[in-house]
1. Take the residues of region 91-121 that are of a type in the set (A, V, I, L, M) and open to solvent by 70 Å² or more (accessible area, probe 1.4 Å): which is modelled with the highest pLDDT?
2. Return yes when A72 is away from the ligand (no atom under 15 Å from the Cβ), open to solvent by less than 40 Å² (accessible area, probe 1.4 Å), in contact with a strand residue (DSSP E or B) (Cβ under 8 Å, 6 or more places away or on another chain) and under 23 Å from W2 (Cβ atoms) and no when it is not.
3. Out of the residues in region 2-42 that are within 13 Å of the chain's Cα centre (by Cα) and hydroxyl-bearing (S, T, Y), which is most open to solvent (accessible area, probe 1.4 Å)?
4. Only residues in region 72-97 that are within 19 Å of Q41 (Cβ to Cβ) count as the first member; pair them with residues that are open to solvent by 40 Å² or more (accessible area, probe 1.4 Å) and among the acidic types (D, E), Cβ under 9 angstrom, at least 6 apart or cross-chain, and list the lot.
5. Which number in (1) open to solvent by 90 Å² or more (accessible area, probe 1.4 Å); (2) under 25 Å from N4 (Cβ atoms); (3) outside any loop (DSSP other than H, G, I, E, B) marks the one condition that Q63 misses?
6. Could you look through region 75-90, keep only residues that are in a helix (DSSP H, G or I) and not acidic (D, E), and pick out the one that is least open to solvent (accessible area, probe 1.4 Å)?
7. Could you check F46 against (1) farther than 21 Å from Y67 by Cβ; (2) of a type outside the set (K, R); (3) surrounded by 12 or more Cβ atoms within 10 Å (Cβ to Cβ) and say which number it fails?
Amino acid sequence: MWPNMPLDYVKLPKDKNGIHYGLFVDSELIAVLSLFIIPDQKTAQFRKFATLKNYQGKGYGSQLLNYVIGEAKNQKITKIWCNARIEKIAFYKKFGLQETKHTFVKNNMSYVIMEKPFLTQ
Ligand SMILES: CC(C)(COP(=O)(O)OP(=O)(O)OC[C@H]1O[C@@H](n2cnc3c(N)ncnc32)[C@H](O)[C@@H]1OP(=O)(O)O)[C@@H](O)C(=O)NCCC(=O)NCCS
């Protein structure tokens, strides 16, 4: 995700509140994604989604994201969302996430908030 930055750069103050998912191949952790349920909003945000460079483009990230979307659906929440890098919009659309009108720039990178509503349970 940020291969040139120290590990501390990807740590979040709220990490202890997240559910941290990992996909392993031959006992090696090759893809990660963290899910943060925000009870006040009844939503869940996923963050820190990344696959090791050598394993990208082989379907592992999709497997992990599909799994986490399924897990999120089992929670009492109305939608899952993320801050998507602009170049990832088409990728997330494959999972039913849609762009919102909320965009921002952070560390010279452009983002748009994307979301996938769940039918209310
Ligand atoms: C985003 C990220 C986590 C996706 O992980 P991944 O393991 O590469 O995901 P997948 O392999 O499932 O899909 C990646 C692409 O490969 C394609 N793909 C998947 N399996 C494939 C296969 N067997 N053969 C060919 N292509 C395949 C997917 O369709 C997808 O194409 P697209 O990018 O044109 O939409 C990864 O690219 C990454 O770590 N990027 C850097 C960090 C980052 O940008 N994180 C997201 C921030 S919003």
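The values are calculated or read from the model by the stated rules, or taken from the named source; none is laboratory data. Remember, predicted model here, so these are calculated numbers, not experimental data. For neighbour counting, all protein chains shown are included, and Cβ atoms are generated from backbone atoms with ideal geometry for every residue, glycine included. The protein model used for the area step is the full one, side chains on, heavy atoms only, and it has no ligands, DNA or RNA in it. Shrake-Rupley method; radii C 1.70, N 1.55, O 1.52, S 1.80 Å.
1. In the first step, residues of region 91-121 are kept if they are of a type in the set (A, V, I, L, M); the result is 97, 105, 109, 112-114, 119.
Cutting the leftovers down to open to solvent by 70 Å² or more (accessible area, probe 1.4 Å) gives us 105, 119.
Working: V105: 97, L119: 79.
Filtering region 91-121 for residues that are of a type in the set (A, V, I, L, M) and open to solvent by 70 Å² or more (accessible area, probe 1.4 Å), the one modelled with the highest pLDDT comes out as V105.
2. So A72 does not fit the description; no.
3. Y21
4. Sorted first by the residue in region 72-97, then by its partner, the pairs are K79/E115; I80/E115; W81/E115; C82/E115; A84/E99; L97/E115.
5. (2)
6. I89
7. Only one criterion is unmet by F46, namely (1).
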